[in-house]
1. Got the relative contact order for segment B:1-76 handy, in percent, Cα pairs under 8 Å and 6 or more residues apart?
2. Taking 30 Å as the cut-off for C-alpha to C-alpha distance, list the pairs among A:LYS57/B:LYS38; A:LYS73/B:LYS40; A:LYS108/B:LYS9; A:LYS73/B:LYS41 that go past it.
3. Kindly identify chain A as rounded, prolate or oblate by the Cα gyration tensor criterion: order the square roots of the eigenvalues as a ≥ b ≥ c, call it rounded if a/c is under 1.5, otherwise compare a/b with b/c, prolate if a/b is larger, else oblate.
4. For segment B:13-72, what does the alpha-carbon gyration tensor say about shape, rounded, prolate or oblate, given a ≥ b ≥ c as the root eigenvalues, a/c under 1.5 as rounded, and a/b over b/c as prolate?
5. State whether the protein assembly as shown is rounded, prolate or oblate according to the following rule on the C-alpha gyration tensor (a ≥ b ≥ c being the square roots of its eigenvalues): a/c under 1.5 gives rounded; otherwise a/b larger than b/c gives prolate, and the remaining case gives oblate.
6. Give the calculated FRET efficiency between A:ALA17 and B:GLU44 to the nearest 0.05, with a Förster radius of 35 Å applied to their Cβ-Cβ distance.
7. Can you give the Kirkwood hydrodynamic radius of segment B:26-115 from its Cα pairs, in Å with one decimal?
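Read the figures in this text as sums done on the coordinates, not as results from a lab. Quantities reported herein were computed from a predicted structural model and do not represent experimental measurements. In this analysis, Cβ positions are derived from the backbone assuming ideal geometry, glycine residues included, and neighbour counts consider all displayed protein chains.
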Amino acid sequence: AQRVTQPEKLLSVFKGAPVELKCNYSYSGSPELFWYVQYSRQRLQLLLRHISRESIKGFTADLNKGETSFHLKKPFAQEEDSAMYYCAFTNTGGFKTIFGAGTRLFVKA
Amino acid sequence: DTEVTQTPKHLVMGMTNKKSLKCEQHMGHRAMYWYKQKAKKPPELMFVYSYEKLSINESVPSRFSPECPNSSLLNLHLHALQPEDSALYLCASSQVLAGGGGELFFGEGSRLTVL
């Protein structure tokens, strides 16, 4: 079955600390993986996607096909990073994007 | 215009009412989506339109009826809903790439309450 697992519902870190939001997926083919973010009172928006291999707002995510993981990392968390983060994947060539349960990141001053 | 616009933002309806949710985008995207999001849960896919044709229906009850009148508009017609259908309904759009979708652009959602 196609599935995205985000094991942490809530992650609380201090400002300046490293942060890692975990994501594992279950899919037999080649998925396209994304991290979406929802800041308070804003719409859900793309943070980054694995095929672009970019760093957005200091966040990076590497696709590990062996571990079927796509963890989101940032070396130094900022208060403005506090938001809801969803890992998601789409089957290549398809339209069905499946979201994980989400992790709420809270960065404390 | 790089936004997906949804109306109304809030809707309260009775179980016997008929209402519609509307979604519009002018980014030239040829795939449009309806998602349902309950409180503290991730978005769940309901329908996908590709080139104005319904390509995915995730076994949604017939009391929800989607419509894509043209490449910029997407409607969701609601009839005889149940209180458990109360949720945030999100519209999204995307380009069509290599036969599939890509980055989703979301609207702010229509918050529906069924009494």
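1. About 28 percent, as a whole number.
2. Beyond 30 Å: A:LYS108/B:LYS9.
3. It comes out prolate by the Cα gyration axes.
4. Working: a/c = 1.68, a/b = 1.39, b/c = 1.21.
Here segment B:13-72 falls in the prolate category.
5. Details: a/c = 1.92, a/b = 1.48, b/c = 1.29.
Verdict is prolate for the protein assembly as shown.
6. Numbers: r = 33 Å, r/R0 = 0.94.
About 0.60, to the nearest 0.05.
7. Details: mean 1/r = 0.0741 Å⁻¹.
Hydrodynamic radius (Kirkwood, Cα only) of segment B:26-115 equals 13.5 Å.
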